[in-house]
Amino acid sequence: MPVCTLNPLQDQRWTRFLEANPNASLFHTAAWLESLRMTYGYEPVVYTNSPPGQELSDGIVLCRIESWLTGRRLVSLPFSDYCEPLVTDHESAEALLSAVREDARTQGWQYAELRPLAGVNGQAKHFQIVDQYYLHRLNLSPSIDALIQSFHKSSVQRKIKRADREGLIYREGRSDLLLRHFYQLFLLTRQRHHVPPQPINWYRNLIKCFGENLKIRVAYIGENPVASILTIRDKNSLIYKYGCSDSTYHNLGSMQFLFWKAIQDAKRSGLQVFDFGRSEIANSGLVISKDHWGTIRSKLIYLKYNGLRSSRDWLDTNRTSWTMRFARRISSHMPAQLLSAAGRFGYRHIG
């Protein structure tokens, strides 16, 4: 049978397929894809070996990114830590990846990028490694007491105790007020790291699409927000996706306080995994801080197939490309209002 394509936002077979597939993740879901479409205009497409009218047995989902600034490309998936090709065997994978390569070559896409979770075991012929990250996950099967004892004593346990002594207040939910406090801290954090923030509409759309599975968690000193994280529940996992803080209060353990609240919440809900997300391999400080939570570290390897342009083309760079370097350079001199505007303009071209 020839490879077929479908729109996962319109074809209900995709959602049914994900519900039954143990390898499907948050980033495959219609909620995530719809958030990307609503915010950035990215149109998703699924490649499958299953013909129309038949339930899906496999699928690779990508987004079409069309930018006058950074070009046309297929990415699986933008702003996503990972997105595993949901294939049954070597033949299934090769057929789908061949179709993706052919479309990239014949339809004028500059490249196709994959972000597999477990790798594709040599099936991604003609794809080259473009980026590598670490993924950190915490196994929630031990008891609450065993979990906290597994955390690093000074970097985590003592910080949690300090937060309790300082009387940090915890609030969670999806209200406009919590979102406003989250984004206020997010702007501070992005300024500190010289990176434009994603537009606030991205978070509004995530809340709209994920509903009660999404929580904004905020730590306060009195009525002053000092740290916040955003988590999303998917199947048996709680995924930490975004975090931000006022560095003035780091010594109070505000971030550790929030992570511990989220881990306890996940444990009470019977979840099995707390996903701390990815870290750049070169960012040793972030890698070590996530290791301190007793996480299991694995490697994410992103792959790219060059369609129209040669791998020697000066534009064919990895995630630390000219676009992000340029964004960091100009962001370091921007006030908050301009930085926010730069994020609204730029992220659609970066995905």
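Here is how the numbers come out for the structure above:
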read-out	value
Condition check for V61: within 24 Å of E280 (Cβ to Cβ) and in a strand (DSSP E or B)	no
Which listed residue, of L114, L56, L96, is touching a residue at least 12 places away in the same chain (Cβ under 8 Å), crowded, with 21+ Cβ neighbours inside 10 Å and touching a helix residue (DSSP H, G or I) at 6+ places or on another chain (Cβ under 7 Å)	L56
In the range 184-197, the residues that are closer than 21 Å to S80 by Cβ and either touching a Ser or Thr at 6+ places or on another chain (Cβ under 8 Å) or of a type in the set (S, T, Y) (or both)	F186, T189, R190, V195, P196, P197
Flag if L26 is out of contact with any Lys or Arg (no Cβ under 9 Å at 6 or more places or on another chain) and either surrounded by 14 or more Cβ atoms within 10 Å (Cβ to Cβ) or of a type in the set (S, T, N, Q) (or both)	no
Condition broken by F186, with the remaining ones in (1) over 19 Å from F259 (Cα atoms); (2) surrounded by 17 or more Cβ atoms within 10 Å (Cβ to Cβ); (3) not aliphatic (A, V, I, L, M) satisfied	(1)
Count - residues of the range 293-303 that are in contact with a helix residue (DSSP H, G or I) (Cβ under 9 Å, 6 or more places away or on another chain) and buried (at least 18 other Cβ atoms within 10 Å of the Cβ)	2
Condition check for A262: outside any helix (DSSP H, G or I) and out of contact with any Pro (no Cβ under 6 Å at 6 or more places or on another chain)	no
In the range 90-141, the residues that are among the β-branched types (V, I, T) and within 12 Å of G307 (Cβ to Cβ)	V100, T106
Hits in the range 216-253 (condition: touching a strand residue (DSSP E or B) at 6+ places or on another chain (Cβ under 7 Å), closer than 30 Å to P22 by Cβ and part of a loop (DSSP other than H, G, I, E, B))	N236
Cβ-Cβ under 8 Å pairs, at least 6 apart or on other chains, the range 265-278 side within 14 Å of K290 (Cα to Cα) and part of a strand (DSSP E or B), far side β-branched (V, I, T) and modelled with pLDDT of 95 or more	F274/I263; D275/I239; F276/T295; G277/I239
Looking only at the range 70-93, and only at residues there that are in a helix (DSSP H, G or I) and among the small types (G, A, S), the one that is surrounded by the most Cβ atoms within 10 Å (Cβ to Cβ)	A93
Single match in F257, F276 (criterion: at pLDDT 95 or above, assigned by TED's automatic domain parsing to the domain that holds H194 and not charged (D, E, K, R))	F257
Hey, I281 surrounded by fewer than 17 Cβ atoms within 10 Å (Cβ to Cβ), over 30 Å from T70 (Cβ atoms) and not assigned by TED's automatic domain parsing to the domain that holds R171 or not	no
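The values are calculated or read from the model by the stated rules, or taken from the named source; none is laboratory data. As the structure is a prediction and not an experimental result, all values here were calculated from the model. Counting neighbours? That spans all protein chains shown, and the Cβs are built from the backbone with ideal geometry, glycine included.
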